[in-house]
Amino acid sequence: MKKYLYAVVIIVGFGSVPAALANHSWSSYHWSHTTTPFALTLGDNVTSTWDSYLITTSNAWSLSDVLDTIVAAGTAPRHKSPNRDCLPVAGTVQVCNKAYGNNGWLGLAQIWISGPHITQGVAKMNDSYFNTAKYNNPNEKLHVMCQEVGHTFGLGHTSEDGSSQNTCMDYFSNTGANAVSTLSTLPNQHDYDQLAAIYAHADSSNSFSTVSPSNNGASVAAQSDEFTNASEWGRAIGKDAQGRNNEFEKDLGQGNKKITHVLWVE
């Protein structure tokens, strides 16, 4: 896939990387793959106000040596219906925005796993907060979009203390006095290094799909709710630096689980 816009500096080794950035894989979760780079589809279910952030996010993550992302039509086109579900599609990541309610979360990433392998994912942006003056700015939207999509590759946070590591995978907030700051809106080299480490090995099969979601309706998971509230996420298995539950696990049986990673509002 053609890669755009961003200059990349290659860093050899991790000797000079700050301790806060030493490792930020999300457990051992990863897409199974037989070769690298591999191409992962991002299903576009977002409205026009979010399209540019999805495209910028896709282009930035595609600078990785092991992963390309392809934006394609999603399963909930443009959220024309206010009650449209953000359904996962096997082998893809579906990206959505909607006013999910004042339920406390700004962004949500959910992955379905079989063993350590990701089989499908969704990334959601909550317009109930992004439509407010505090969060409705381009830099915060790009930060959260980039982070939630990054989680679906198997990446965790680099830092949760609010400082900027100049990566979208940190907890810096591009709000208030920082609303004009472009810090932490895109991946940095350590994110690409971490992806290279996660995907350094080859698997015996691929868990991602090369079929466009719009032509792959049979693979849409049979569910009607969007798992947008904590009561639907299963048991808490992780906390953020502020002591809030931010990772949840729901056992789906037969070795399959749904893992939710939540970014709470301040």
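The values are calculated or read from the model by the stated rules, or taken from the named source; none is laboratory data. As the structure is a computational prediction, the values presented were derived from the model and not from experiment. Here Cβ is always computed from backbone atoms with ideal geometry, including for glycine, and neighbour counts include all displayed protein chains.
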Review point. Which of the residues spanning segment 148-198 are in a strand (DSSP E or B) and surrounded by fewer than 23 Cβ atoms within 10 Å (Cβ to Cβ)?
Key: 159
Study note, to complete from the structure: Here the qualifying pairs (Cβ atoms under 6 Å; residues six or more apart or on different chains; first in segment 188-210 and free of Cβ contacts under 8 Å to residues at least 40 places away in the same chain and within 28 Å of residue 143 (Cβ to Cβ); second hydroxyl-bearing (Ser, Thr, Tyr) and part of a loop (DSSP other than H, G, I, E, B)) come out as 188/167
Review point. Which pairs have Cβ atoms under 9 Å, sit 6 or more apart or on different chains, and link a residue in segment 50-67 that is part of a helix (DSSP H, G or I) to one that is of a type in the set (Phe, Trp, Tyr) and modelled with pLDDT of 95 or more?
Key: 50/130; 61/153; 61/192
Check your understanding: Hey, any hits in segment 92-109 for a residue that's modelled with pLDDT of 95 or more, closer than 19 Å to residue 155 by Cα and surrounded by fewer than 16 Cβ atoms within 10 Å (Cβ to Cβ)?
Key -> no
Check your understanding: Which residue pairs have Cβ atoms under 6 Å apart, sit 6 or more places apart or on different chains, and have a first residue in segment 23-48 that is under 21 Å from residue 204 (Cα atoms) and a second that is among the acidic types (Asp, Glu)?
Key -> 32/203; 33/203; 37/68; 39/68
Practice item. Tell me, please, whether a residue that is modelled with pLDDT of 90 or more and over 19 Å from residue 88 (Cβ atoms) can be found in segment 222-236. Key: yes
Point to revise | Selection from segment 140-177 of residues that are of a type outside the set (Gly, Ala, Ser), touching a helix residue (DSSP H, G or I) at 6+ places or on another chain (Cβ under 8 Å) and farther than 18 Å from residue 105 by Cα | key: 153, 155, 158, 165, 167
Check your understanding: Among the listed residues 117, 79, which satisfies the condition of being surrounded by fewer than 23 Cβ atoms within 10 Å (Cβ to Cβ) and at pLDDT 95 or above?
Key -> 117
Study note, to complete from the structure: When segment 31-49 is checked residue by residue, the ones that are in a strand (DSSP E or B) and either over 22 Å from residue 125 (Cα atoms) or of a type in the set (Lys, Arg) (or both) are 31, 38, 39
Practice item. Please list, ordered by first then second residue, the pairs with beta carbon atoms under 7 Å, 6 or more apart or interchain, first in segment 153-175 and acidic (Asp, Glu), second outside any loop (DSSP other than H, G, I, E, B). Key: 170/159
